[in-house]
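What follows is a short report on a single structure.
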Amino acid sequence: MIELIDVSKLYDQKTHALHHVSFKVDAGEFVFLIGESGAGKSTMIKLLTREERPTSGTVILDNFDVSRMKKKFVPFLRRKIGMVFQDFRLIESKTVFENVAFAMEIVGAPKDLIERRVPIVLSVVGLRHKEDNYPSELSGGEAQRVAIARAMVNNPRLILADEPTGNLDRHNSEAIMALLDDINKAGTTVVACTHDLEMVERMNKRVIELHRGRVIRDDPPSILADPAQNMVPVHPQISSEMRELLDDDQYRVASEEILVENAQEFYVPDINELRQQVTSDSRRRRHPKINSRRQINEESRDNNGQ
Ligand code: ADP
């Protein structure tokens, strides 16, 4: 899912944010990224989302070479990622429903799919009853649950959470972590940066620790941990609805196809084979984005029987 190969990042030719970092995260893993302030955690996230490029080394995400990808393909890459931030980053002028729906609108999802998925995802995070409220009317824990709903509504391959519990009390932090754990158990890879070492201890996941830009620890979950210590979902309805949502592969596949069709040059395995395929399909080469998106939207409408 993620591979960093000898990645270094130098800001302003003097600040070494990352030094020769290499690690791999498999699909379906839950990984905590820890380290003191300034250790390089945010830089790592920014490299994965292509907000920053490495000074040297390679960043691979779901078989795409993120470090060398052209700027115009970055939006397609970002569809693979659901982001969760410490400060929630909800749009204050939109309701809860509209905030989540907006994430689907910007990737061109059809209206009927939006109206079907947003209520489900809000139920998953236990906030269906708040769909008409505005962010200013929510508690911190609720706002972060909306942010998680928004992050997962497009069925991303990966959820990147940057200090997701940094502004929350202990009760809400547990609820958020339990939710991320549930999303992970339903198949989505999760990488979470955190300062909350007590939480890391209790969650018993793989831990990668950075210190001054270097990986100084990479521990797998302890197999000796008592499973009873693991937190249980706060909302009992989560599991069945989560599964329903994440099993909706039609939507994920649609996003994937758009990405593959538009980013052949950056697909790491069989890159030459892909290039040849594309060259032989001149029609697709002429209007890749428009054709594929329209076709996928139409197909998903047809498949929904609407
Ligand atoms: P963390 O998220 O672990 O607190 P960061 O990745 O934000 O760490 O920062 C790592 C180092 O890189 C720090 O020394 C920080 O000051 C520096 N840094 C981060 N972003 C920038 C930037 N845009 N320009 C210059 N230096 C930066």
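From the alpha carbon centroid of region 118-158 to that of region 1-55 is 28 Å. The packing ranking of peptides 39-48, 181-190, highest mean first, is 39-48, 181-190, where packing means the average number of other beta carbon atoms within 10 angstrom of each residue. Within a straight-line Cα-Cα reach of under 20 Å, Lys9 can be paired with the following lysines, leaving aside sequence neighbours fewer than 8 residues apart in one chain: Lys24, Lys41, Lys46, Lys70, Lys71.
Given the Cα-Cα distance of Glu92 and Asp26 and 0.36 nm per residue of separation, how much length would full extension add, in nm?
That works out to 20.2 nm of additional length.
Between Ser136 and Ile5, residue separation times 0.36 nm minus the direct Cα-Cα distance comes to 42.9 nm.
Fully extending the segment from His211 to Glu115, taken as 0.36 nm per residue of separation minus the present Cα-Cα distance, adds 30.1 nm.
Accessible surface calculations at 1.4 Å, restricted to protein heavy atoms, place region 1-129 at 43 Å² per residue. Extending 7 Å from the Cα toward the beta-carbon at both Glu36 and Thr55 defines two label points whose distance is 2.1 nm. Please give the net charge around Lys41, taking every other residue with its beta carbon less than 11 angstrom from that of Lys41, where Lys and Arg add +1 and Asp and Glu add -1. That sum, taken over residues with Cβ under 11 Å, equals -3. Protection proxy ranking for 23-29, 115-121, using the average of other Cβ atoms within 10 Å per residue and placing the highest first: 115-121, 23-29.
Summing +1 for each Lys or Arg and -1 for each Asp or Glu among the other residues whose beta-carbon sits under 10 angstrom from that of Asp87 gives -1. Expressed as a whole percent, the accessible surface of region 74-146 that belongs to carbon and sulfur atoms is 50, based on a 1.4 Å probe. The HN-Hα couplings worked out from phi for region 64-70 by the Karplus form 6.51 cos²θ - 1.76 cosθ + 1.60 (θ = phi - 60°) are 10, 7, 5, 5, 10, 5, 5 Hz, whole numbers, x standing for Gly and Pro.
The values are calculated or read from the model by the stated rules, or taken from the named source; none is laboratory data. Note that this is a predicted model, so its numbers are computed, not measured. Every residue, glycine as well, gets a Cβ built from its backbone with ideal geometry; the counts of neighbours run over all protein chains shown. Side chains included, ligands, DNA and RNA excluded: accessible areas come from the protein's heavy atoms. Shrake-Rupley method; radii C 1.70, N 1.55, O 1.52, S 1.80 Å.
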